[in-house]
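Beneath this line is the structure, given in C-alpha cells, with notes to follow.
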Amino acid sequence: MDSAEGPATEKIAGANIEILRRGKGRPVLFLHPHIGLHGSERFIELLAREVQVIAPSHPGFGHSELPKGMSTVDDMSYFYLDLIESLDLRDLVVVGASFGGWIAAEIATKTHERLSRLVLIGAVGAKFGERDKSDLLDIFATPRSRWEELSFRDPSVWLRDYESLPEEELTAMARNREATALFAWNPYMYNPKLRARLHRIRVPALVLWGAHDGFAPITYGRDYCAAIPDAKFEEIAEAGHFPHMEQPEAVARRVIEFGSSRPRRRGDMR
Amino acid sequence: MRIYHFSEQPCPDAWAPEHKSLRVILPSRNCDPRVMAENYHHRLDEWMLADELGLDIMINEHHATATCCCPVAAVPLAILARQTKRARLLTLGYPIANRLDPVRVAEEFAMIDVISRGRLEMGLVRGVPYEVPLSVRSAVGQMDRFWEAHDLIIKAMTSIDGPFDWQGEHFQYRNVNVWPRVYQQPHPPVWITGRSPQNIREIAERGYVLGTFLSGFQTRELFDHYRKACADLGRPAPAPDRFSYLGIVAIAQDRKEAMRRAEVMVGYLRSSGRVAEPFGTPPGYFSVKDAARMIKARGKRTTTTRDGKAVDTHHGAIEDLVKAGIMFVGTPDDVYQQLSEFIDSIGGLGHFLMMGHAGHMTHEEAVDQITLVAKEVLPRLQKPRPATKQAA
C-alpha cells in the first residue's frame, strides 16, 4: 500500500469508520489515544514494515461515525468485537495507547478467541487509587498548555500551529475532545467494573509506560500490570504518556518482538 | 409589564485580583460565613421590600463561585414563598440538564408553588459553560437531556391519578408520584432561556416565556426567531408577556450618584468573566463547528450598540454598556427613558428582569434602588404608551 495514502472509510457494524491500513502479514490492531491518530503516524509506519496494521479512528473520533446510543467504553469494546469478526482478524495483536489501551483491555476481558497478544501503552480505564483523588490528570480541568507539558517529555511531537490547520483537522480535534468527554467525563477515564474483570485477560500482555508520564503515574501502570495474570511491565526511557509518539522506534520494536515471541496455535490455551 | 428584582447574592469580598478564576476552583476558604450570613439576610430583606412595593422576584443559582453564592435556588424561594405576599417568584433558573434527579426538581417546585399559593414561575436553563465542569454529566448531548428532564418534570407535575414509570434514554424511574399536587393548574408557568434559533423555536412551539440575559440590541433578533416560529405555526403574534430580558439598573435621584452605583455594579460584569481557561469551553457544549473555531482562536464575548458598535460585555465602559442596552443608568427619568426606548427597539417586552443589586452594593443602596424603580419607573412603564414598532 502506498504510504502516502490516507485512511479509507469502511462500513463496520453499520457505521462509517475511518480506517488507516498499512503493511502486510500478521494483523496488529492499533487503538489510538484520546487525542486521536495525529502523532501516531511514524509508529504505524514502523510497525507496517513487519506486520499488517489496522488503525481505525474510534467511533465518534476523527471522522468516524458515532453509532446511536453508544456512550461507554464497554459499548465501544463490543463494537471492536464486531470489527475483529467482520474483518476476520485472527491471531491478532491488539495494541492500545492511553484511552485506546482502555478499549484494548475491555476487549481482552471479553474475548481471547481471535487474540494472541495484548500491548498496553500508558493504558487508562481502571481505578486503583484513593476514592477522593483521580488517579489520572484531568485534562478537562487543566489548561491545554499545562496538560501538554505534563503528557509529553517533549510536546513538540504533538504541537501544531492551530491557526494554519485545515478545517478538516480542526474538526477532527474538536470531535476527539467531544468524544473523550462522552466516553470518559465521569467516572473520569475509567470503568468502575474493569479492575475486577482484568483477571479475565487470558492472552500474554505487555505493559509499556513512559518513564516521565505526568498523566498516568508509573505506579498506576504497575498496578494495572499486576491485575493482569500474564503481563510484564517495561519502562520506555525519554517518553511521557505517549511513548509510541515520542519513542516510536523503541515501542514499535518491542511490539514486534513481543508479538512474534511465542507464536500461538489456534486453541492454545494457558 | 412586570419588573423582577434580582441579585446573584454575591460574595464580593472574595473577588481579590489575585484570583484568576472566580468560578469552579476558588477555595471556599475565601468565604467568611459570618459576612455571607449578613449578605443573605440583606438580599432576602430586599426581596421582601420588592414584594411590598409591587415588584416581582427573581432568583438564580450557580455553583462553586463567589459571583453567585446561591447554589440552591430552592432555599431562598422557599423562604420567600412563606415571607412574601404577592410577588411572582421566578427562578431563572434550574439547570435541569446538570441535575441528576428531575423528579426531585418537580417535588421542590411543587412545594414552593403550594406554599406561595400559586406564585411560582418555573424557569429552566441549560446553564453557562462553566457550570459543566461541576456537573456529574458532560455537556455532550446536554440539550437532549434538558428536554427529557423537562418532559419528565411536566409529566410528574401533571400526573394526578397515581404513579407512572419513566424509562427514558437519560432518566429511569419507578413509581413517580409527586406530592403535593401543584397549586397552579395544570402546572406553573415555564420560562426557558435561549440564544440559538433552534432552541428558541422549541421554546416558542411550547408557548413558554423566552428568557434572554444581557443580549442588548441583539435581543430583537432573538425575539424575532420566536415571532417567526409562531407565524410558521399559524399562531397569532406572541404577546409581550412571552418575552423577558435581564439588564442591570443603577438608579439614584441624581446622575452622579447613579453613575457611582453603576461603577459598583459593573464589578459584576468584570468579575463574572473571570474563569480559568479549560472551564469556559467544556467539550460538547458548543457545536463541533464552533469548537473547531475556538481551537483556532479564542474569542471574546462582545455585544453591539444600537448603531452597531462592538462592545466587550465584560470589560466595556459604562457609557457603552448603556448604549448597548446592557445597563440602564441615571435618574428615574433617565432609566425610564432608556428602558422605554430599549423596549420599543426590541418590539415589546412583558418582563424586565432587573439586576438591582450587584457586586459591592450596600443594602441601603439596594433599598433605595428598589424603591425608586417601584415608585417612579414601573408605574410609568405600565401606562399605555404609543404603539411600539412591532416585529416585521
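The values are calculated or read from the model by the stated rules, or taken from the named source; none is laboratory data. The model shown is predicted, which means the values in this text are computed figures rather than measured ones. Positions of Cβ are generated from backbone atoms using ideal geometry, with glycine treated the same way; all protein chains shown enter the neighbour counts. These area figures cover heavy atoms from the full protein model, side chains too; ligands, DNA and RNA do not enter into them. Shrake-Rupley method; radii C 1.70, N 1.55, O 1.52, S 1.80 Å.
Only a single criterion out of (1) on the phi < 0 side of the Ramachandran plot; (2) out of contact with any Phe, Trp or Tyr (no Cβ under 6 Å at 6 or more places or on another chain) is not satisfied by residue A:55, namely (2).
Can you tell me which residues in the stretch A:52-76 are buried (at least 20 other Cβ atoms within 10 Å of the Cβ) and either in contact (Cβ under 8 Å) with a residue 60 or more places away in the chain or in a loop (DSSP other than H, G, I, E, B) (or both)? Result: A:57, A:58, A:59, A:60, A:61, A:62, A:64, A:70, A:73, A:76. Filtered by the rule that a residue be open to solvent by 10 Å² or more (accessible area, probe 1.4 Å) and within 19 Å of residue B:323 (Cα to Cα), the stretch B:214-253 gives B:214, B:217, B:218, B:220, B:221, B:222.
Quick check on residue B:306: is it closer than 30 Å to residue A:162 by Cβ, of a type outside the set (Ser, Thr, Tyr), open to solvent by 30 Å² or more (accessible area, probe 1.4 Å) and at pLDDT below 95? Write out each step before concluding.
Details: closer than 30 Å to residue A:162 by Cβ: no; of a type outside the set (Ser, Thr, Tyr): yes; open to solvent by 30 Å² or more (accessible area, probe 1.4 Å): yes; at pLDDT below 95: yes.
It is false that residue B:306 is closer than 30 Å to residue A:162 by Cβ, of a type outside the set (Ser, Thr, Tyr), open to solvent by 30 Å² or more (accessible area, probe 1.4 Å) and at pLDDT below 95.
For the stretch A:192-206, the condition of being more than 14 Å from every other protein chain (Cβ to nearest Cβ), surrounded by 15 or more Cβ atoms within 10 Å (Cβ to Cβ) and in contact with a Gly (Cβ under 6 Å, 6 or more places away or on another chain) holds for at least one residue.
Could you go through the stretch A:38-51 and let me know if any residue there is farther than 21 Å from residue A:254 by Cβ and open to solvent by 10 Å² or more (accessible area, probe 1.4 Å). Steps first, please.
If we filter the stretch A:38-51 for residues that are farther than 21 Å from residue A:254 by Cβ, which is where we start, we get A:38.
Restricting the remaining residues to those that are open to solvent by 10 Å² or more (accessible area, probe 1.4 Å) gives A:38.
Yes, that holds for at least one residue.
On the basis of being part of a loop (DSSP other than H, G, I, E, B), open to solvent by 30 Å² or more (accessible area, probe 1.4 Å) and touching a residue at least 40 places away in the same chain (Cβ under 8 Å), does residue A:34 make the cut?
Details: part of a loop (DSSP other than H, G, I, E, B): yes; open to solvent by 30 Å² or more (accessible area, probe 1.4 Å): no; touching a residue at least 40 places away in the same chain (Cβ under 8 Å): yes.
Criteria not met by residue A:34.
The residues listed here are B:66, B:16; of these, the one that is surrounded by fewer than 19 Cβ atoms within 10 Å (Cβ to Cβ) and of a type outside the set (Phe, Trp, Tyr) is B:16.
Scanning the stretch A:115-165 for residues that are part of a loop (DSSP other than H, G, I, E, B) and surrounded by 19 or more Cβ atoms within 10 Å (Cβ to Cβ) yields A:122, A:123, A:124, A:126, A:127, A:135, A:136, A:137, A:139, A:140, A:152, A:153.
Just checking, how many residues over the stretch B:148-176 are assigned to a loop (DSSP other than H, G, I, E, B) and open to solvent by 70 Å² or more (accessible area, probe 1.4 Å)?
Of the stretch B:148-176, the ones assigned to a loop (DSSP other than H, G, I, E, B) are B:159-163, B:168-171.
Adding the requirement that they be open to solvent by 70 Å² or more (accessible area, probe 1.4 Å) leaves B:160-161, B:163, B:169.
Residues flagged as assigned to a loop (DSSP other than H, G, I, E, B) and open to solvent by 70 Å² or more (accessible area, probe 1.4 Å) within the stretch B:148-176 amount to 4.
Just to verify a result, which residue in the stretch B:111-147, among those that are more than 14 Å from every other protein chain (Cβ to nearest Cβ) and surrounded by fewer than 22 Cβ atoms within 10 Å (Cβ to Cβ), is nearest to the chain's Cα centre (by Cα)? Reasoning before the result, please.
Step one: list which residues in the stretch B:111-147 are more than 14 Å from every other protein chain (Cβ to nearest Cβ), which gives B:111-128, B:146-147.
With the extra rule that they be surrounded by fewer than 22 Cβ atoms within 10 Å (Cβ to Cβ), the set shrinks to B:111, B:114-115, B:117-118, B:128, B:147.
Values: B:111: 21, B:114: 23, B:115: 22, B:117: 23, B:118: 20, B:128: 11, B:147: 19 Å.
Among those that are more than 14 Å from every other protein chain (Cβ to nearest Cβ) and surrounded by fewer than 22 Cβ atoms within 10 Å (Cβ to Cβ), it is B:128.
Is it the case that residue B:355 is in contact (Cβ under 8 Å) with a residue 40 or more places away in the chain and either more than 14 Å from chain A (Cβ to nearest Cβ) or closer than 30 Å to residue B:145 by Cβ (or both)? So residue B:355 passes the test. Starting from the stretch A:173-187, keep only residues that are within 7 Å of another protein chain (Cβ to nearest Cβ), then list their pairs with residues that are part of a helix (DSSP H, G or I) whose Cβ atoms are within a distance under 6 Å, requiring at least 6 positions of separation or different chains. If the second residue must be part of a helix (DSSP H, G or I), the pairs left are A:173/B:295; A:174/B:288; A:174/B:291; A:174/B:292; A:175/B:288. Can you confirm whether the stretch A:241-256 contains a residue that is within 24 Å of residue A:74 (Cα to Cα) and either open to solvent by less than 50 Å² (accessible area, probe 1.4 Å) or within 14 Å of another protein chain (Cβ to nearest Cβ) (or both)? Checked against the condition, which is being within 24 Å of residue A:74 (Cα to Cα) and either open to solvent by less than 50 Å² (accessible area, probe 1.4 Å) or within 14 Å of another protein chain (Cβ to nearest Cβ) (or both), the stretch A:241-256 yields at least one hit.
Just to be sure I understand, how many residues within the stretch B:259-297 are within 14 Å of another protein chain (Cβ to nearest Cβ), over 21 Å from residue A:145 (Cβ atoms) and among the acidic types (Asp, Glu)?
Selection size over the stretch B:259-297: 1.
Pick from B:100, B:26: which is open to solvent by 20 Å² or more (accessible area, probe 1.4 Å), modelled with pLDDT under 95 and in contact with a His (Cβ under 7 Å, 6 or more places away or on another chain)? Explain how you work it out, then say what you get.
Working: B:100 fails: in contact with a His (Cβ under 7 Å, 6 or more places away or on another chain).
Of the residues listed, the single one that is open to solvent by 20 Å² or more (accessible area, probe 1.4 Å), modelled with pLDDT under 95 and in contact with a His (Cβ under 7 Å, 6 or more places away or on another chain) is B:26.
Which ones in the stretch B:309-330 are small (Gly, Ala, Ser), part of a strand (DSSP E or B) and either open to solvent by 40 Å² or more (accessible area, probe 1.4 Å) or within 10 Å of residue B:216 (Cβ to Cβ) (or both)?
The initial filter retains those residues of the stretch B:309-330 that are small (Gly, Ala, Ser), namely B:310, B:316-317, B:324-325, B:330.
Applying the additional criterion that residues be part of a strand (DSSP E or B) yields B:310, B:330.
Once the filter is applied, which keeps residues that are small (Gly, Ala, Ser), part of a strand (DSSP E or B) and either open to solvent by 40 Å² or more (accessible area, probe 1.4 Å) or within 10 Å of residue B:216 (Cβ to Cβ) (or both), the stretch B:309-330 yields only B:310.
Does residue A:132 fit the bill of being farther than 29 Å from residue A:82 by Cβ, touching a residue at least 60 places away in the same chain (Cβ under 8 Å) and more than 14 Å from chain B (Cβ to nearest Cβ)? No; evaluated as a whole, the condition is false for this residue. Say we look at the stretch B:148-165 and pick out the residues that are touching a residue at least 24 places away in the same chain (Cβ under 8 Å) and farther than 19 Å from residue B:210 by Cα; which of these is nearest to the other protein chains (Cβ to nearest Cβ)? Looking at the filtered set, the residue picked out is B:152.
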